[in-house]
Amino acid sequence: MASLFKVGNSFAVQVLLPGNRRPTIRLGKVSDKTAAADKRHIENLAARVTRDEPLPKATSAWLGGINEALRGRLVRAGLIDAAPGGDVIPLGQWLDEYVAGRADVKGSTHTVYGHTRRNLKDHFGADRPLSAITPGDADGFAVYLRTVANAEVAEGAKAKGLAENTARRRLGIAKQFFRAAVRRGLIDRNPFDGQVCQVRENPKRQHFVTRADTEAVLAALPDAPWRLAFALARWGGLRCPSEIVRLTWADIAWDRGRFTVHASKTEHHADAGIRVVPIFPELLPYLQEAFDVAEPGAVYCCPQYPMHFAGQMYGKVVRNAMKSAGVKPWPKLFQNCRSTRETELAETFPVQVVCAWIGNSPAVAARHYLQVTDAHFTRATGAALQKAVQQSSKTACNADSPEGARPHSHTENQHCTPVHIKRVGPLGLEPRTGGL
């Protein structure tokens with residue numbers, strides 16, 4: 001609680017803080033209404049300090065608009081922190097500076113940065129002092145992401161949160177933003193430390209793309225380049241669109257039965273994101289078909305769309321083909337193609353070989369790609385179940401055989417007939433009783 005009182009012509013607020021401290025914050029010559037509003041905001045600041053409660057948006061906005069004199073009194077009272085040099089850095093300013101300064105990251109990463117920056121500004125307000133965000137506020141931001149942060153909800157519809165893994169990724173980016181602020185000396189601690197940011201596997205979204213569905217989709221695609229693009233994802237295990245749009249005819253070593261893939265996602269690794277993949281028998285016809293129809297001097301194998309909007313168009317065209325073929329769309333359209341291919345290859349080749357071809361690590365493959373299918377259960381239990389059924393049948397036939405009879409052979413067991421059982425006559429089993 002805070003107490004509002006007048007000192008001469010000015011108002012002041014006294015608050016109770018840990019350690020039985022009771023600092024007094026002078027508000028200056030303000031109206032009664034302004035003094036009452038300032039008191040409520042100071043109470044919110046005190047609640048954050050004493051109980052680690054999230055700071056309301058209105059108080060964050062108020063902090064962004066107060067004069068330096070009042071800000072200094074709040075700093076001296078221990079209600080807010082000041083950055084080195086006494087400067088208070090607004091959240092929006094820091095986010096803009098950090099994102100603009102990361103010219104070393106890819107465009108897709110900048111896009112993810114932009115989504116997280118927007119979420120942080122929407123939730124806290126761009127004027128919120130960077131140092132005023134607490135671990136409790138970070139908890140509130142995590143709830144916000146999971147409940148109301150989805151910008152794709154139609155206007156007037158109920159707010160909707162992000163998917164769990166999307167929320168975790170954005171919490172990880174937020175933690176990165178604030179970690180950089182700590183390293184710059186702008187704040188003393190990272191309020192997002194302790195947030196769970198690791199993306200977890202989601203078996204419910206895994207789908208094994210059958211060969212029948214694959215062939216149906218391929219047959220429904222409009223032309224050879226489109227068929228090759230889908231075949232590269234399904235039979236080659238390439239990432240779509242990033243690896244497919246970069247594949248050139250110069251990367252195809254026809255005489256050696258292999259091709260070279262350039263992965264932008266892993267180009268920072270020791271292998272510079274370059275791997276060599278076999279021309280699998282399933283892939284060869286589509287590669288040859290696209291080569292035969294390519295224009296003289298063509299560079300790219302799949303030149304349909306440039307990288308900056310290929311992802312949307314590839315998904316749109318393939319989903320249209322699925323609709324035409326009567327194939328039910330599956331989640332994570334292209335990632336499940338890679339997952340299915342890696343699962344198939346793992347049946348035949350060592351895991352280190354499969355991972356080298358697909359372009360991930362055994363740990364990532366085991367956690368996010370390799371699937372357990374019905375075919376695995378059938379292979380594991382099929383022979384055992386057949387043997388158990390046959391044994392059960394043999395036991396039943398032997399139990400019905402006359403005592404001392406020769407046991408049936410394995411072949412006979414499959415067709416044994418209880419011929420020793422006779423139908424009971426109309427007079428029953430007992431002898432007739434005289435007089436009846």
(Q) Please return the ranges of helices (runs of 4 or more DSSP H) entirely within region 91-153 where 2 or more residues are touching a residue at least 40 places away in the same chain (Cβ under 8 Å) and over 23 Å from G64 (Cβ atoms). (A) 107-124
Q) If the Cβ limit is 7 Å and pairs must be 6+ apart or interchain, which residue in region 194-213 that is not assigned by TED's automatic domain parsing to the domain that holds F141 pairs with which residue that is of a type in the set (A, V, I, L, M) and at pLDDT 90 or above? A) Q195/A138; Q195/A142; Q195/L171; C197/L171; D213/V327
**Q.** Residue check for G185: in a loop (DSSP other than H, G, I, E, B), exposed (fewer than 12 other Cβ atoms within 10 Å of the Cβ) and modelled with pLDDT of 85 or more
**A.** no
Q.
Which count do you get for residues in region 239-251 that are surrounded by 18 or more Cβ atoms within 10 Å (Cβ to Cβ) and either more than 22 Å from S361 (Cβ to Cβ) or within 22 Å of the chain's Cα centre (by Cα) (or both)?
A. 8
**Q.** Test result for F291, modelled with pLDDT of 95 or more, part of a helix (DSSP H, G or I) and aromatic (F, W, Y)
**A.** yes
(Q) So V209 passes all but one of these: (1) assigned to a loop (DSSP other than H, G, I, E, B); (2) within 19 Å of A298 (Cβ to Cβ). Which condition number does it fail? (A) (2)
Q: Identify, by number, the condition in (1) hydrophobic (A, V, I, L, M, F, W, C); (2) under 17 Å from Y314 (Cβ atoms); (3) touching a Lys or Arg at 6+ places or on another chain (Cβ under 9 Å) that V276 doesn't meet.
A: (2)
Q: Can you run down the residue pairs with Cβ atoms below 9 Å, 6 or more apart or on separate chains, where the first is in region 229-258 and over 19 Å from K332 (Cα atoms) and the partner is among the basic types (K, R)?
A: I252/R258
(Q) For region 132-152, which positions are surrounded by 22 or more Cβ atoms within 10 Å (Cβ to Cβ) and either in the same structural domain as P56 (by TED's automatic domain parsing) or at pLDDT below 90 (or both)? (A) A132, A149
Q) Out of all the residues in region 360-381, which are under 30 Å from A272 (Cα atoms) and of a type in the set (A, V, I, L, M)? A) A363, V364, A365, A366, L370
(Q) Among the residues in region 220-237, are any surrounded by fewer than 14 Cβ atoms within 10 Å (Cβ to Cβ) and assigned by TED's automatic domain parsing to the domain that holds G326? (A) yes
Q | All positions within region 86-112 that are touching a Lys or Arg at 6+ places or on another chain (Cβ under 8 Å) and closer than 20 Å to I187 by Cα | A | V88, P90, L91, G92, L95, D96, V99
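The values are calculated or read from the model by the stated rules, or taken from the named source; none is laboratory data. No experiment lies behind these values; they were computed from the predicted model shown. Every residue, glycine as well, gets a Cβ built from its backbone with ideal geometry; the counts of neighbours run over all protein chains shown.
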